[in-house]
Amino acid sequence: MVAEKKPTVEELLEKAKKPSKLALAYHPFYEGKVQVMPKCAIRGFYDFAIWYTPGVAAPCRKIKEDPDLSFQYTNRWNYVAVVSDGTRVLGLGDIGPEAAMPVMEGKALLFKYLGGVDAFPICLKTKDPDEIVRACELLEPSFGGINLEDIAKPKCFYVLEKAREKLQIPVWHDDQQGTATVILAGLINAFKVVGKNPKESLITLVGAGSANVRTAYVLIRWGIPPGHIIMVDSKGILHSSREDIEKMKEENPWKYDLAIKTNAEGRTGHISEAFKGVDAVIGASKPGPGTIKKEWIETMADNAIVFACANPIPEIWPWEAKEAGAKIVATGRSDFENQINNSLGFPGIFRGVLDVRAKTITDEMCIAAAEELAKVAEEKGLSETYIIPRMDEWELYPREAVACALKSIQDGVARIKLSRQELWERALTIIKNARESAQLLMREGLIKQPPPEEEVLKSAGP
């Protein structure tokens, strides 16, 4: 058997550049990625008297009597606002609300195609966390949910917390809850493959930003003892006696809270100390390679698990982690095995909470989604190279939707109650409709095919 040839760093970097080159040509070609389309019948111009004035006054009066009827008489039940201030966009940092629009449009596209959700990009011209929360409050009457996106830490924690307190619709921060959901799903199955009990294992989180802070809280809520978690930031291991602990308490109380709760062994010092003897490492930090070193992985426990989730380059190349002794390796990239991608979570989760008109999204709902996501992969057959479903396994989205909807009903935050079968049929129908509508528009030429990739890449140059 011929060993598979490892790609060179140059080949991988060139592959990573390809989507960016295509994006610069394709975005202006389409002048955006999403649009508004009618969903009601327009049999003739008389119908506008029903859908608009004078007929529309009748449902307006009904909604005035009971505002919750807005979920029944309008598409509010399926509207999600994708809200950002543009202060932490992908790996680009604070690039502003206008420059954040392509990302928010892309999010809306995934919402629709994968979850059948009508999402709208809303980029705010403010960096003030209270103004962001207030903007969400002002938008609430038009939407069934809010997806916060690409907001810098630590204010992202504050915005999520306050918006969840004030709004009576689900508020979700994908960089926090979405990442935590998919990481938990991957960990559940990874521990099964290596034959360890995750609740008796040591887990190190490399990076203490929005993703890993929420991941820590979700892991704890799921049942991982806080003391079994070790967190690392750019200054080293978090512990209760760090020199900057009081400053942390003032500037980032969420990170401070975890510094106090986690690391029961009281480890201190350099990041390398956080690898010794641990069973799993979750990287959500700066892109590599070299952020995580082979010699650190060599000090981990047997059958180690390494999630290197930074993009576009993981903290360590997967083959280097394997050479260092890792049994299971996951990254955030689609061209490697075991992709940990938020897109596996938010479309199905929002489908579910929207279908029962939920008033919030809790960490318990994230856990329900993670467990269902893990179950989808387990039913297909787990292995070292398959611990989590891929985006093209589309049945995972209605299954997640049902799991989250049922949890919403169980927790008493759903406005309507449907049976498991009703939820399944509803989610399946809505998601299939969204996918087939897009395919139909392409077949009919109403969505044009983009220029051939070869032409674009040739003209883009190196």
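Of the residues Gly277, Gly266, Gly288, which single one is out of contact with any Leu (no Cβ under 8 Å at 6 or more places or on another chain), surrounded by fewer than 16 Cβ atoms within 10 Å (Cβ to Cβ) and assigned to a loop (DSSP other than H, G, I, E, B)?
Step by step, each of Gly277, Gly266, Gly288 is checked, and only Gly266 is out of contact with any Leu (no Cβ under 8 Å at 6 or more places or on another chain), surrounded by fewer than 16 Cβ atoms within 10 Å (Cβ to Cβ) and assigned to a loop (DSSP other than H, G, I, E, B).
If I ask for residues that are polar (S, T, N, Q), in contact (Cβ under 8 Å) with a residue 40 or more places away in the chain and either part of a helix (DSSP H, G or I) or touching a strand residue (DSSP E or B) at 6+ places or on another chain (Cβ under 7 Å) (or both), which ones from the range 71-101 would you list?
Correct list: Asn75, Asn78, Ser84.
Only one of these conditions is not met by Thr74: (1) surrounded by fewer than 19 Cβ atoms within 10 Å (Cβ to Cβ); (2) among the β-branched types (Val, Ile, Thr); (3) over 16 Å from Ile416 (Cβ atoms). Which number is it?
(3)
Which one of the conditions (1) in contact with a helix residue (DSSP H, G or I) (Cβ under 6 Å, 6 or more places away or on another chain); (2) of a type outside the set (D, E, K, R); (3) at pLDDT below 95 does Val218 fail to meet, given that it meets all the rest?
(3) is the only condition that Val218 fails.
Out of the residues in the range 418-449 that are in a loop (DSSP other than H, G, I, E, B) and surrounded by 14 or more Cβ atoms within 10 Å (Cβ to Cβ), state the one that is modelled with the lowest pLDDT.
Here the answer is Ile447.
How many of the residues making up the range 213-255 are of a type outside the set (Val, Ile, Thr) and not in a helix (DSSP H, G or I)?
15
If we keep just the residues of the range 162-191 that are among the acidic types (Asp, Glu) and closer than 21 Å to Met104 by Cα, which is nearest to the chain's Cα centre (by Cα)?
To start, the set of residues in the range 162-191 that are among the acidic types (Asp, Glu) comprises 165, 174-175.
Still in the running and closer than 21 Å to Met104 by Cα: 174-175.
Numbers: Asp174: 4, Asp175: 6 Å.
Among them, the one singled out is Asp174.
How do the pairs read when you match residues in the range 360-387 that are free of Cβ contacts under 8 Å to residues at least 12 places away in the same chain and of a type outside the set (A, V, I, L, M, F, W, C) with residues anywhere that are surrounded by fewer than 23 Cβ atoms within 10 Å (Cβ to Cβ) and part of a helix (DSSP H, G or I), using Cβ under 7 Å and keeping only pairs 6 or more apart or on different chains?
Cβ pairs passing all conditions: none.
Show the residue pairs that are 6+ apart or on different chains and have beta-carbon atoms under 7 Å apart, the first residue being within the range 303-332 and modelled with pLDDT of 95 or more, the second being among the small types (Gly, Ala, Ser) and assigned to a helix (DSSP H, G or I).
Ile305/Ala190; Val306/Ala321; Phe307/Gly186; Ala308/Ala321; Ile328/Ala190; Val329/Ala321; Ala330/Gly186
Which condition number does Ala49 fail, the rest of (1) in contact with a strand residue (DSSP E or B) (Cβ under 8 Å, 6 or more places away or on another chain); (2) more than 29 Å from Tyr113 (Cα to Cα); (3) of a type in the set (A, V, I, L, M) being met?
Among (1) in contact with a strand residue (DSSP E or B) (Cβ under 8 Å, 6 or more places away or on another chain); (2) more than 29 Å from Tyr113 (Cα to Cα); (3) of a type in the set (A, V, I, L, M), Ala49 violates only (1).
The values are calculated or read from the model by the stated rules, or taken from the named source; none is laboratory data. Bear in mind the structure is a predicted one, so any value in this text is a computation, not a measurement. Note: ideal-geometry Cβ built from the backbone for every residue, glycine included; neighbour counts use all protein chains shown.
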